[in-house]
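Worksheet: the structure to be examined is printed underneath.
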Amino acid sequence: MTHRWLIAAVAVGLGVLGACGESAKAPQVLRVGFVPAEDAAQVMQNAQPVVELLRKQLAMEIQPFVATDYTGVVEALRANKLDVAFLTPASYVLAKNETDVKVVLKSERKGIPAYYAAIITRADSGIKTLEDLRGKTFAFGDSLSTTGHVFPRKMLKAHGIDPARDFKQVLYSGGHDATVLAVLNGKVDAGATYANTPDSQDTAWMRYLKNPDDVKKILAIAFSEPIPADNLVINGSLDERLAKRIENVFVELSRDPQGKKMLRELYQIDGFVSATDKDYDSVRQAFIDAGIPLKEALQKKRP
């Protein structure tokens, strides 16, 4: 099954489900959205154990949806075509600005409900600081990615660096895996991705580069402040009892070794803890500090 065919098939399924079930409080089919932190087909594959668990625990059909970019999940929530969604911090802020969603859980890694943006280069590039990036080529991830764009742009701006003015070329890779490979293979001089710790011990490049020698070729020259972690949101129109059952399933999943393994495969997370909208105020401020207006950020991604 090809990546394009898979996404198209899921999108068609969502359209049919949306047409027949949008007004229902307790749907017969639960529509679950996943952001494409890496290749969308790979995310769909990694999500299957979680989908099967939900199907068993809730005794209902589960319809998974992986968009081709981060905006796709936000748009699906806005169009009331998703009941539950995994979102990045920036995607959540945008979704909350656009529609009625409630954040209920945020992920944690090694007991910490936060992660970091990292700016990376090849260890042999001669680039040691952010100031060394002037005149270089650079890869962001998705333009709505928290660690692949919003916080890195904030970091650069704090150092007086304007990507449009100071970089030789700017690319948007679309995903963390693509950014890491672009840096490793010399397609760009540097790029922005995520790290679960600010010490290069648990990072995107360690996840996507299977050869230890390749991992050693990547150097992180800067890490962001801690960022409130990615999260699980519920559509505000969903039946409250069902919403609570869904929340409990993921809390219990966080306590089970096999559940932790599923979540680790999906998004490199270990579990979930309670979350509130206020937790993401620092992400809203990051949009401002990075010079990215919320409304414009989403409008630019719409066709």
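What the Cα convex hull of the chain gives, in volume per residue, is 126 Å³. Close lysine pairs were tallied over the stretch 135-288: pairs 8 or more places apart or on different chains with Cα atoms under 22 Å apart number 17.
Simple spin-label estimate for Glu240 and Thr276 gives 1.8 nm between the two label positions (7 Å along the Cα-to-Cβ direction from each Cα).
The string of couplings for the stretch 237-252 from the Karplus curve (6.51, -1.76, 1.60, θ = phi - 60°) is 8, 6, 3, 5, 5, 5, 4, 5, 4, 4, 4, 5, 4, 6, 5, 5 Hz, one whole number per residue in order, with x for Gly and Pro.
Around Val170, with a cut-off of 12 angstrom between Cβ atoms, what is the net charge of the other residues, counting Lys and Arg +1 and Asp and Glu -1?
Working: positive: Lys136, Arg153, Arg165, Lys168; negative: Asp162, Asp166, Asp189.
So the environment of Val170 carries a net charge of +1.
Once you reduce the stretch 39-112 and the stretch 131-175 to the center of their Cα atoms, the two points are 26 Å from each other.
Under 1.5 on a/c is rounded, so check that first for the stretch 19-153, then, if it is not, pick prolate when a/b is larger than b/c and oblate when it is not; a ≥ b ≥ c are the square roots of the alpha carbon gyration tensor eigenvalues. Could you put the intermediate results ahead of the total?
On the way: a/c = 2.51, a/b = 2.11, b/c = 1.19.
Judged from the Cα gyration tensor, the stretch 19-153 comes out prolate (a/c at least 1.5, a/b above b/c).
Assuming charge only on the beta carbon of Lys and Arg (+1) and of Asp and Glu (-1), the dipole of the chain about its Cα centre is about 200 debye to the nearest 20.
Percent relative contact order of the stretch 124-167, based on C-alpha pairs within less than 8 angstrom and at least six residues apart? Present the calculation step by step, with values, prior to reporting the outcome.
Values: 27 pairs, mean separation 19.1, N = 44.
Normalised by residue count, the contact order of the stretch 124-167 is 43 percent.
For Ser145, the amide hydrogen comes within under 5 Å of the amide hydrogens of Val150, counting only partners 5 or more places away or on other chains and with H modelled in the peptide plane. With all protein chains kept in place, the per residue accessible area of the stretch 197-303 amounts to 51 square angstrom at a probe of 1.4 angstrom.
Here the 3J(HN,Hα) profile of the stretch 171-185, calculated from phi with Karplus coefficients 6.51, -1.76 and 1.60 at θ = phi - 60°, is 10, 10, 6, x, x, 5, 4, 5, 5, 4, 5, 5, 5, 4, 8 Hz, Gly and Pro shown as x.
Among beta bridges identified by DSSP and lying wholly in the chain, the antiparallel ones come to about 65 percent.
Charging the Cβ of each Asp and Glu at -1 and of each Lys and Arg at +1, and nothing else, the dipole of the stretch 94-160 about its Cα centre rounds to 140 debye. In a DSSP loop and with at most 14 other Cβ atoms within 10 Å, the trypsin sites (Lys or Arg not before Pro) in the stretch 145-191 are Lys168. Annotation: amide H-H contacts under 5 Å for Phe272 (H modelled 1.01 Å from N, sequence separation of 5 or more, or interchain): Glu108, Ser254. Across the stretch 112-208, the relative contact order, built from alpha-carbon pairs under 8 Å that are at least six residues apart, equals 40 percent. What residue among His149, His159, His176 has the largest mean-square fluctuation in a Gaussian network model of the chain, using Cα springs under 10 Å? Looking only at His149, His159, His176, the biggest GNM fluctuation is shown by His159. Taken one residue at a time, the phi angles of the stretch 150-167 give Karplus couplings (6.51, -1.76, 1.60, θ = phi - 60°) of 4, 6, x, 5, 4, 4, 5, 4, 5, 9, x, 9, 9, x, 5, 9, 9, 9 Hz. Gly and Pro are set to x.
The values are calculated or read from the model by the stated rules, or taken from the named source; none is laboratory data. Only a predicted model underlies this, so the values are computations on that prediction, with no experimental measurement involved. Heads up, the Cβs are rebuilt from the backbone with ideal geometry, glycines too, and the neighbour counts pull from every protein chain shown. The protein model used for the area step is the full one, side chains on, heavy atoms only, and it has no ligands, DNA or RNA in it. Shrake-Rupley method; radii C 1.70, N 1.55, O 1.52, S 1.80 Å.
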